[in-house]
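Encoded as structure tokens, the structure appears first; notes follow it.
Computed from the coordinates by the stated procedures, all read-outs in this text should not be read as laboratory data. Model, not experiment: these values are computed from the prediction. Here the Cβ positions follow ideal geometry from the backbone for every residue, glycine too, while neighbour counts run over all protein chains shown.
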Amino acid sequence: MSESTYQHPKPRMWETELKNWEQTMSQQELGLHLSFILHKFVQPELHPILEDITKCFQYPEDTLRWEIFEKAQTLGFDTPTGALALALFWSHGSMSPEGLEPVYPDPSLVPQMLHCVSVMCVTKFAEIPEHGTQLLISHSVKVGGT
């Protein structure tokens, strides 16, 4: 293909808009927004784990954090709810079980995983990512009041 006929891909404006939205809040606030939004859109059997995730983002507690992590392993970290649970797990404490030397995740993992959850939500909620981004942001305003 010659250089004159090559079309550079257009920037994905929806992802820029999504990242800008994410940067308007703390990791804790973003986790809470995503939990509330997922609660609205996922099947009811996922509501209990999302309620636990919300509680643990608000009031970090290690026993609950580990319970959420174990449930998320079964659910799968390739789902929005499972990925959100993993972000929560990484955000508050060691990855090592009690009794072993603490091992803490790289701090950059939490915002990366929260962004992955946002992208999963956008693509799950609508066929067109731009529409999914608008839906996600509009529901966060209604839920979170920011």
### Query
Cα extents of the chain along the three principal axes, largest first, in whole Å?
63, 35, 28
### Message
Compute the angle between helix 47-58 and the longest alpha-carbon principal axis of the chain, please, reported from 0 to 90 degrees and rounded to the nearest 10.
### Response
80
### Query
Tilt of helix 129-144 relative to the longest C-alpha principal axis of the chain, in degrees (0 to 90, nearest 10)?
40
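Considering only the other residues whose Cβ falls under 12 Å of the Cβ of Arg65, what net charge follows from Lys and Arg at +1 and Asp and Glu at -1?
Details: positive: Lys55, Lys71; negative: Asp52, Glu61, Asp62, Glu67, Glu70, Glu98.
Around Arg65, the charge tally is -4.
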### Message
Need one word for segment 27-67: rounded, prolate or oblate. Basis is the Cα gyration tensor (sqrt eigenvalues a ≥ b ≥ c); a/c below 1.5 gives rounded, then a/b vs b/c decides.
### Response
oblate
#### Entry: Relative contact order of the chain, defined on C-alpha pairs under 8 angstrom at six or more residues apart (%)
26
### Message
Just to confirm the number: angle between the C-alpha axis of helix 109-125 and the first principal axis of the chain, 0 to 90 degrees, nearest 10?
### Response
60
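For segment 5-100, compute the number of Lys pairs whose alpha carbons are separated by less than 26 Å, excluding pairs fewer than 8 positions apart on the same chain. Write out the running numbers ahead of the final one.
Numbers: Lys10/Lys19; Lys19/Lys40; Lys19/Lys55; Lys40/Lys55; Lys40/Lys71; Lys55/Lys71.
So the count works out to 6.
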